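Notes to accompany the following structure.
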Amino acid sequence: MLSALRKSVAGSSQAICHRRMATVAPTLVQSKPTTSSQDKSTIRKAADPIKPVLAGKSKGAKKAVALDPTVFDHPVRRDILHLCVVHHLDSLRQGTASTKTRAEVAGSRRKIRPQKGSGRARLGDRQSPMLRGGGVAFGPKPRDFSTKLNRKVIQMGMRVALTMKLREQRLGVLHRINWWSHKTATLSSRLEGLGWRTGTLFVTGESEVPARMRLASRNLRGIECRTVSDLVVYDIVKWRRVVLDLAAVNALERALGKGLVEITDSERVVSDVTHSSVEEVEVSA
């Protein structure tokens, strides 16, 4: 009986081994979808072209400046602005405050009075924080107050700050930030006529601020000139009005843009705009 069982098992194993396995391979091959170019075109939906943003002042403007919406039309995130402002202010703290502990105060270490028998409170040495002239308990010591913030968060904060200035109509664009004289009085009278005398930050995309503009504006209170490399989110939030030149706009779009919109120099300034939100005013002579 055992021999018959062994023969039956051996015969069934040979039958299993001789089964055709060709049904597995075709399923693996057929699982990869074969789509033509027409099918891909129907599946993919072409993104709508992103239109540039027109920046300026709404008073019957004749010219406007085309801006990248990925930089100047970002969703407003006040929490990101708060993080960037706190991060910048923390980096400005010197952290040099220092006090002496009871181990650092000069004086005798002798016990003031006996432990028992006087009827008064028990005291140790003169350096106790409870006594006048003693050390400070848990006082400040020199330390670093700077905090860490990711680079992408800072870039988003810059986009949000520029967007808010544009929506508040407090963002201007000039061809070039320059002045013909180094005298402060001439620049002050010109800015007074434009209404830019107080709370105006001029940002240039050049390597440094033009010499005459820097000399003429350095004694004006409420006016400051900076380069794009020195610009931070706190500056845009702090100053009431921000004025950029075309080089600064190009630098900001290269650093913060996502490459969805390419605006050439010839397409940057749009003429004959009747319903724009910006008016371009020349400061340079």
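Structural remarks
- The residues listed here are T274, T227; of these, the one that is at pLDDT below 95 and of a type in the set (S, T, N, Q) is T274.
- Checking each residue in the stretch 170-181 for being over 20 Å from K63 (Cβ atoms) and surrounded by 15 or more Cβ atoms within 10 Å (Cβ to Cβ) picks out only W179.
- Residue in the stretch 190-249 that is farthest from L89 (Cα to Cα), counting only those that are part of a strand (DSSP E or B), of a type in the set (D, E, K, R) and in contact with a Gly (Cβ under 7 Å, 6 or more places away or on another chain): D245
Each row is one residue, and each column tells you yes or no for (1) closer than 18 Å to T96 by Cβ; (2) among the polar types (S, T, N, Q).
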| position | (1), (2) |
| --- | --- |
| D144 | yes, no |
| R151 | no, no |
| Q155 | no, yes |
| M164 | no, no |
| E168 | no, no |
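- Residue within the stretch 194-201 that is among the charged types (D, E, K, R) and touching a Phe, Trp or Tyr at 6+ places or on another chain (Cβ under 6 Å) present: no
- Applying a threshold of 8 Å to beta carbon distances and a minimum spacing of six or more residues, or different chains, the list of pairs starting in the stretch 187-203 at a residue that is closer than 15 Å to Q169 by Cα and ending at one that is surrounded by 13 or more Cβ atoms within 10 Å (Cβ to Cβ) and among the aromatic types (F, W, Y) reads G199/W239; T200/W239; L201/W239.
- The stretch 168-186: number of residues that are touching a residue at least 40 places away in the same chain (Cβ under 8 Å) and either touching a strand residue (DSSP E or B) at 6+ places or on another chain (Cβ under 6 Å) or of a type in the set (K, R) (or both): 7
- Only a single item in (1) surrounded by fewer than 11 Cβ atoms within 10 Å (Cβ to Cβ); (2) within 15 Å of the chain's Cα centre (by Cα) is not met by K165, and it is number (1).
- Some residue of the stretch 138-152 being surrounded by fewer than 14 Cβ atoms within 10 Å (Cβ to Cβ), over 30 Å from M164 (Cα atoms), of a type in the set (V, I, T) and touching a residue at least 12 places away in the same chain (Cβ under 8 Å): no
- Residue check for K40: assigned to a loop (DSSP other than H, G, I, E, B), modelled with pLDDT under 55 and either charged (D, E, K, R) or touching a strand residue (DSSP E or B) at 6+ places or on another chain (Cβ under 6 Å) (or both): no
The values are calculated or read from the model by the stated rules, or taken from the named source; none is laboratory data. As the structure is a prediction and not an experimental result, all values here were calculated from the model. Ideal geometry is used to build each Cβ from the backbone, glycine not excepted, and the neighbour counts take in all protein chains shown.
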